[in-house]
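Below: the structure, in structure tokens.
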Amino acid sequence: MPRVLAGVVTVTRQVHFNSAHRLYNPSKSHRWNVRRYGLCSNPNWHGHNYILEVSVRGTPDPQTGYLIDLGDLKRILHAAVVDPCDHRNLNEEVPFLRGIIPTTENLVVAFWHELAPRLKPARLQCVRLFETPRNFAEYHGPLID
Ligand code: NI
């Protein structure tokens, strides 16, 4: 039997997708939207090369030494987020984003809710989304667990 090291670890997988979006709150005036969102409210959309990093936390299985099979994690990320969002318009074409203003903040929360049930029994630790190389948001789940 190989030696097993006990410890809680975090494993992260990164995936990429490209999407169009527009930041616009239809319950507010056009003037309000242009003031808040500027070019991001462009009615003809704009795009981002998104980078999504999803981290899972727990104790590795003593038989495999894996916390989660990274191939499984990759398949889950593609099924839950990349396939529905890649080369899509986030405002109009992604059912689970319907009615949500697709800011990076709102996207990490929405992605969490899509991913957490599919990852069980592994525990989702963090969803981190880069909208640009310098701008990103993270979500660590609801404050009350
Ligand atoms: Ni944008």
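Structure data summary
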quantity	calculated
Odd one out for Leu107 among (1) over 21 Å from Thr10 (Cα atoms); (2) over 9 Å from the mean Cα position of the chain (by Cα); (3) of a type outside the set (D, E, K, R)	(2)
Tabulated pairs, segment 34-53, first in contact (Cβ under 8 Å) with a residue 40 or more places away in the chain, second small (Gly, Ala, Ser) and near the ligand (Cβ under 10 Å from one of its atoms), C-beta under 8 angstrom, 6+ apart or interchain	Trp45/Ala20; His48/Ser19; Tyr50/Ser19
All positions within segment 41-51 that are under 17 Å from Arg134 (Cβ atoms) and surrounded by fewer than 16 Cβ atoms within 10 Å (Cβ to Cβ)	His46, Gly47, Asn49
Residue ID - farthest from the chain's Cα centre (by Cα), chosen from residues in segment 110-145 that are of a type in the set (A, V, I, L, M, F, W, C) and surrounded by fewer than 17 Cβ atoms within 10 Å (Cβ to Cβ)	Ile144
Counted residues, segment 79-102 - those being in contact (Cβ under 8 Å) with a residue 40 or more places away in the chain, part of a loop (DSSP other than H, G, I, E, B) and closer than 14 Å to Tyr24 by Cβ	4
Residue satisfying all of: in segment 12-30; among the hydrophobic types (A, V, I, L, M, F, W, C) and touching a strand residue (DSSP E or B) at 6+ places or on another chain (Cβ under 9 Å); farthest from the ligand (Cβ to nearest atom) among these	Val15
Selection from segment 13-27 of residues that are farther than 30 Å from Arg123 by Cα, surrounded by fewer than 12 Cβ atoms within 10 Å (Cβ to Cβ) and not small (Gly, Ala, Ser)	Pro26
Any chance Thr103 is within 30 Å of Leu5 (Cα to Cα) and either surrounded by fewer than 13 Cβ atoms within 10 Å (Cβ to Cβ) or out of contact with any Cys (no Cβ under 8 Å at 6 or more places or on another chain) (or both)	no
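Quick grid of which residues meet (1) away from the ligand (no atom under 16 Å from the Cβ); (2) modelled with pLDDT under 95; (3) of a type in the set (Lys, Arg):
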site: Val54; (1), (2), (3): yes, no, no
site: Leu73; (1), (2), (3): yes, no, no
site: His78; (1), (2), (3): yes, no, no
site: Val81; (1), (2), (3): yes, no, no
site: Leu90; (1), (2), (3): no, no, no
site: Arg98; (1), (2), (3): yes, no, yes
site: Glu105; (1), (2), (3): no, no, no
site: His113; (1), (2), (3): yes, no, no
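The values are calculated or read from the model by the stated rules, or taken from the named source; none is laboratory data. The shown structure was predicted, so the numbers you read here are calculated from the model rather than taken from an experiment. Heads up, the Cβs are rebuilt from the backbone with ideal geometry, glycines too, and the neighbour counts pull from every protein chain shown.
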